[in-house]
Structures are given as structure tokens and as C-alpha cells.
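Below: the structure, in C-alpha cells.
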Amino acid sequence: MSENPLLTNSTLPLFSQIRAEHVVPAIKQRLDECRQTVDAVIRAHADKAPTWDSFVEPLDLAEDALERSWSPVGHLNSVMNSEALREAYDQCLPLLSEYATEMGQHEGLFKLTQALVDSKEFEGYSQAQKRSLENSLRGFRLSGIALDKDKQQRFKAIEQSLSELSSKFEQNLLDATNDWSMLIEDPDQLSGLPESALGLMAQSAKAEDKSGWLLTLQPPCYIAVMTYADNRELRETLYRAFNTRASSLEKNGGERDNAPIIDQILALRHEKAQLLGFANYAEYSLDTKMAESPDEVSEFLEQLVTKSRPQAQNEFEALQSFASEQGQSSLKAWDVPYWSEKRQQAEYQLDQEALKPWFPAMNVIQGLFDVVERLYGLHIREQQGVSVWHDDVTFYDIVDGEGQKRGQFYLDLYARKDKRGGAWMDVCSSRYKKPNGLQYPVAYLTCNATPAIEGKPALLTHDEVITLFHEFGHGLHHMLTQVDVPGVSGISGVEWDAVELPSQFMENWCWEREALDLFARHYETNEPLPEAQYQRMIAAKNFQSAMMMVRQLEFSLFDFYLHRDYQVGETDVQSVLDEVRQRVAVVQPPSDNRFQNGFSHIFAGGYAAGYYSYKWAEVLSADAYSRFEEEGIFNRDTGRDFLHHVLEQGGAVSAKDLFVAFRGREPSIDPLLRHSGLAA
Ligand SMILES: [Zn+2]
């Protein structure tokens, strides 16, 4: 056997042995093995029909080996970053993406997949096998491989241009953000800003050998000014600078204007969709999503607009009158965050810090496990002696009521140096029934909570509690799957707009008195969370929720209609946005607002004609949870149904069918409206 710990057959990664120098040789070897497997499979079927065992199995095994070598590398790069590791990681990225492109465009694999789907064998396959094969076939089709040669050429050229345009878009935005700054020398100009923000600004000034406070458009600075600066002119200045980034209105005369880039991106996306046989890019986007048609998405969004806009208008009027009582009439876009913060403080005085004593990390983790035990009859046990990457990390087994092992996970809860910020769940290995036995799913759960200080236990904010529950929801989706085919087990193959259902669903237990009483106990007195605090928490949750809702709907509708209604040479992006705003927004931005030129989600990220997914998943999780509200939030039968119908099925069944099986009907928007304090 090789000495490289990334190439051993151990069930769990040998974290304590992995070094940067192991990475590149291991990944190169795995990629070689994958390519050799592909060649062997192609040769073997030169004059023989493919079957699951002869065709799919060897490929799945090779891919699984690659995943198990790569996943600890990607993970360590995020949680134990070092220069050497980052270099090795960066060296692998192009190798992996080259391999992925090669496989996606592999004509031989495409033809064999097609032959297998068309074969008599296929009929006898399990639902999971069928869906896994159909997904691969769809992947091939969407990569343009089924097109005639000349169209295929054009398709590749479009893909190439789109990827260049997206990075140009992002680069322009980054440059525009970085180029702008403003030095303030008079501290009176900065009244209202908290110490932490002032410290950041003083530090930025110092970094440029200046004295005073340097304001920038980086989010921490921009958001602090918009939220807290008493100086209205200053807020307006930053607002205008931020919302004209990468536009012709910038002071450098539009050298990095994203508007023409947006036009080119839209034209190419439209052409690409039509080459593949779709009427428009929205249809293309929905081909891999739970939502079935553009009409379904637009009706969904418009329904939410109808239900939430009147209340958003009321909330805005309430904010107006609150501000005018204090001498500020006619609120502009740059006044809204500032006065919202003032009003929220006046009404709820909710301080995240003040709640922390009720959320000691150890209680919260135990509480989370108790919730899972009550809901699904599962037991979570810590396992000692597993090789980990840091002393903070703990490892657990999940065992079901029958004593069957279901999955395992690493928990890395606290922030530290060289660990990427944020919180996420990642796959270590997937459930997969191999010829020589079952491989259990293993997950990484990563958070960045504040560690223990000065003899006090680690205390979490309520937001951190929610984040932990959220990520654990993703983890359960990955670990509780009963699907044996890796392409559709756990979160694999789950439609993109349904992936957040199990995670957002878990958040609900962070808001229920009955659930909070299990773990929200004062770390010194063991007292439960006082009722007054709890009520303030709930009220603050729904503060201006309709205004927030219509803002998300404005972005979603703009994105969706832009891609659905695109007409070559006719679509004017600004008019599409203006039309949506006039109907939906309650805060009308000034006419020089160029929000779209900074909308990276859809022009540089993966959210094109998919921004609606945020609301879509919220509706699903709220509606799934409403069955628990009706039947009891710890009702074991309801929990078992959710386990069987959703968590265990992975991507083996369409998300729509799974939802209907659990809920007994199609999703309804009413529970989300009710949870957000909006009259349903
Ligand atoms: Zn999530």
C-alpha cells in the first residue's frame, strides 16, 4: 500500500497524518485512475451493451475514491489553512475542473448512458438507479454534447465567453469597490457610529499613512454608515457611491461599466438556452429545479407580492411617522436602514449580547441532539479516538432506534485563526452500497462561534444557535439517507431550489418555547429564558418583515422576468428593473441607482433565473413545519413521516413528489406569511 494518507482505504480520513505534500500526488493519482477506468469501460463496451454492473459501478467507484481523497483536502484548506496547503489546493483546482469538463463532454460516456437508459435492463432498476442515470443523461444534454457538430462549436464558444464575461463583471465590481474611499478628519462627522466601526475606519486610514477615519465601500464599513451614521449627507454620499459602482455614472467615466457586459451575458444565455431547445433562459434554469415551469415561479412570486405589499406599505408608513416625530420627514433610500435601526431599538431593545448567557454552547449542542432524538428516535453519541485536525473538533455516530448505524459527523464549532468564516456542512463521504459492503455517510459541520473566554463557558448568540441548527439540518439530509446509489444519496441530486428545505426547517425549533426550554438555560443559574426576553425575540424577528419580503421579491422578479422575457435587441435592463420596482418596492431608489451593475448573484454567480429559490425554500420549510404545528412540534409520527418522506430519500425522488407525500398536498405560501407576522 502507498504511504500517502490520502490514498489509503481507511473509512475516515487520517487527518493527523495529512501534509500539504501529499495533496498533489494523491489527486493526480486519483484522476489517473478515473481516466483509466473510463477508458477501460469504453473499451469493454465496444461491442457489448452496458449494464449497471459493467458500466455504472466501476465509474461510481472511481469517482467515490476521488471524492474521498479530495474532500479532506478541501476541508482542511477551509479550516486549517496554511500557505503550503493553499498552494497545493490551488494546484489541484484546474486539474479537477479540467477532468469535470472532459467527463461532461465525453461522447463515449454519453452514448453508453443513453444506451443503458434505452435498454430493457433499465426498466428493472430501482427508482434511485433510474434517477441517477436520468440525471447524468440530462447533464450531458445540458453540456451541449447532443448537438450537431457546428452547433456544438458555437455552444462551446458561448460557454467560454460567458465565463469570461462573468469574471469581467466581478472584476469591475471589485475594482469599483476598492477604488472608492473618503477620508474624514472631523470626528463630529461620524457621530452615531459604534466603536467597532470607528476602529475599523481608523485602521483603514492608518494603513494608508493617513490620520483620521477612512470610509470605504467594503460591506462592514458601508453597512455601519448606512445603519448608524447620524450625518444624513454622509449616508447619501456613500449610498450613491455604492449603488453606482461599475456603472457609467462613476467618476472615472465608465471605464468599467457593467451595463454592456450585462447585455452581452443576457444575449449569450438566451442563445445558449435556445440552442439546447428551450424557449428562454428561465426555462433552461428550471430544467434542473423543483419548480416546473416559468408560470409556476411567476405565480408564486406575484402571489407573495400581493400578500405582502400592503403590509410593507404600512410598515414603511409607520417608519416614516416614527422618523418625522424625530424631525425627519420624507425618507429616502439612504434613510431607511438608519431609521429602521432607531425604531427597532426604541421598540424592542433587543440586544444579542444580552441573550448569550442563556445559550451555553454545550447545552445548545445537547439540546439540538435532544430535538433530533425526540423527532426521529435517533441517538447521537460522541466517539473518542478518531483522527481530527484540531483539539476543538468532536466526532459523533448517529444510531437509529433499532441500533443501526446511520451516519457520522465531525463538529468544529469555534472560530480560530486560519479558519474560513461562516458556517457550512460539507460531505466527507456519501452513503454508497459498494460491492464489498455499505459505506456510511460522513459529514463535516463547521461553525464560527465565539470560543470560551476567561473561565466562562462558550456562550452563543441566538443567531449562532440558529446557524448551528440550520447546518445540522443539511447534515441530517446528508447522513440519514437510505439511498444506496451515490449519485442520488443524501444531498446529491437534490434539486437546487429544494436543498435548503431540511436546513431552514430545523431553524424552527430555535423559536419554540417548548424546544428552547430544553436547552436555553442560564449558564450560572440554570434559569430558563425569561418570558419577556422571549417575547421581544419573537417581535424583533418579524420587525419590518414585509419590507424585507418585498425587497427580496423585487430582486427575484427582476432576475426572473429579465431571463424569461428576454428579446434579442429589444430588452432594456433598466426598464425591466424600473417596472418591477414601481409595482413591488415600497422604498423607491433614486433614478441614478444602478443596483443591477453589482448584482453578482445573477451575473457572476450561479443564481441566474434562480434568485427566487431563496423564497421558494422558505415557503417549503415553513409549510413542512406547519404540519408539526398542527400535530405537535415533537410529534414522533410526524417526525417519522418527515424522516421517511424527505430526509431518507435524498435525490432519488423529485422534491415535489417528496413534499406532497409528506404534506399531503402541494406547497402553500400561507405558513411562511404567518411565520413572518404577515396576515395570510
Ligand atoms: Zn443552508
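Tabulated values for the structure
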{"quantity": "Lone qualifier among 279, 259 - being surrounded by 15 or more Cβ atoms within 10 Å (Cβ to Cβ) and of a type in the set (A, V, I, L, M, F, W, C)", "calculated": "259"}
{"quantity": "Test set (1) in contact with an Asp or Glu (Cβ under 8 Å, 6 or more places away or on another chain); (2) more than 29 Å from residue 563 (Cα to Cα); (3) buried (at least 19 other Cβ atoms within 10 Å of the Cβ) - residue 631 fails condition number", "calculated": "(3)"}
{"quantity": "Residues of the stretch 385-400 that turn out to be of a type in the set (D, E, K, R) and within 17 Å of residue 476 (Cα to Cα), as a count", "calculated": "2"}
{"quantity": "The lone exception for residue 330 - which of (1) without any contact (Cβ under 8 Å) to a residue 40 or more places away in the chain; (2) not in a loop (DSSP other than H, G, I, E, B) it fails", "calculated": "(2)"}
{"quantity": "Of the criteria (1) under 26 Å from the mean Cα position of the chain (by Cα); (2) touching a residue at least 12 places away in the same chain (Cβ under 8 Å); (3) more than 16 Å from the ligand (Cβ to nearest atom), which one residue 417 fails", "calculated": "(2)"}
{"quantity": "Residues being within 21 Å of residue 432 (Cα to Cα) and under 26 Å from the mean Cα position of the chain (by Cα) - total across the stretch 381-407", "calculated": "6"}
{"quantity": "Meets criteria (away from the ligand (no atom under 16 Å from the Cβ) and touching a residue at least 24 places away in the same chain (Cβ under 8 Å)) for residue 406", "calculated": "yes"}
{"quantity": "Pairs where the first residue, in the stretch 458-480, is on the phi < 0 side of the Ramachandran plot and the second is modelled with pLDDT under 95 and within 12 Å of the ligand (Cβ to nearest atom), C-beta under 6 Å, 6+ apart", "calculated": "467/423; 471/423"}
{"quantity": "Test: residue 503 is in contact with a strand residue (DSSP E or B) (Cβ under 7 Å, 6 or more places away or on another chain) and among the hydroxyl-bearing types (Ser, Thr, Tyr)", "calculated": "no"}
{"quantity": "Strands (runs of 3 or more DSSP E) (entirely within the stretch 427-523) containing at least 2 residues that are at pLDDT 95 or above, more than 20 Å from the chain's Cα centre (by Cα) and more than 16 Å from the ligand (Cβ to nearest atom)", "calculated": "432-434, 437-439"}
{"quantity": "Selection count, the stretch 343-398, where residues are among the charged types (D, E, K, R), out of contact with any Ser or Thr (no Cβ under 9 Å at 6 or more places or on another chain) and free of Cβ contacts under 8 Å to residues at least 24 places away in the same chain", "calculated": "5"}
{"quantity": "From 574, 588, residue being over 22 Å from the mean Cα position of the chain (by Cα), modelled with pLDDT of 95 or more, assigned by TED's automatic domain parsing to the domain that holds residue 269 and over 28 Å from residue 500 (Cα atoms)", "calculated": "574"}
{"quantity": "Residue in the stretch 288-308 that is closer than 28 Å to residue 617 by Cα, surrounded by 17 or more Cβ atoms within 10 Å (Cβ to Cβ) and of a type in the set (Phe, Trp, Tyr) present", "calculated": "yes"}
{"quantity": "One residue from 260, 220 being without any contact (Cβ under 8 Å) to a residue 24 or more places away in the chain and either in the same structural domain as residue 345 (by TED's automatic domain parsing) or closer than 30 Å to residue 155 by Cα (or both)", "calculated": "260"}
{"quantity": "Strands (runs of 3 or more DSSP E) wholly inside the stretch 354-416 that include at least 1 residues being in contact with a His (Cβ under 9 Å, 6 or more places away or on another chain), among the small types (Gly, Ala, Ser) and in the same structural domain as residue 450 (by TED's automatic domain parsing)", "calculated": "405-414"}
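The values are calculated or read from the model by the stated rules, or taken from the named source; none is laboratory data. All of these numbers come straight from a predicted model, not from anything done at the bench. Neighbour counts run over all protein chains shown; Cβ positions are idealised from the backbone, glycine included.
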